[in-house]
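These notes concern the structure reproduced below.
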């Protein structure tokens, strides 16, 4: 079984950090972590929503 995690954080430098983490549930460490910085929140939210809807379409469950 696999998982995919998305998180959006503000930084101290007025930027926004989108963190994507994914891997297998049986592994203690994630397979991969991708960090992307954005200068505009709208760009970060757009990518967050696009990735989220793509993962839902592929059968991933949404956890809050």
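Since every read-out is calculated from the coordinates, none of them should be taken as a lab result. Source: prediction; values computed, not measured. No Cβ is skipped: glycine too gets one built from the backbone with ideal geometry, and neighbour counts run over all protein chains shown.
What is the fewest-to-most order of 18, 6 by other Cβ atoms lying within 10 Å of their Cβ? Write out the running numbers ahead of the final one.
Numbers: 18 19, 6 16.
Result, fewest neighbours first: 6, 18.
Contact order normalised by length for the chain, with contacts defined as Cα pairs under 8 Å and 6 or more residues apart; what percent is it? Intermediate values should be presented prior to the final figure.
Values: 91 pairs, mean separation 18.0, N = 64.
That works out to 28 percent.
On a 0 to 90 degree scale, rounded to 10, what angle separates helix 41-57 from the longest Cα axis of the chain?
Roughly 20 degrees between the two axes.
Cα gyration tensor of region 2-57, axes a ≥ b ≥ c as square roots of the eigenvalues: rounded (a/c below 1.5), prolate (a/b > b/c) or oblate?
In terms of gyration-tensor shape, oblate.
Set the Förster distance to 30 Å, then compute FRET efficiency between residue 52 and residue 13 from the Cβ-Cβ distance, nearest 0.05. Please report the intermediate quantities before stating the final value.
Working: r = 25 Å, r/R0 = 0.84.
Between residue 52 and residue 13 the formula returns 0.75.
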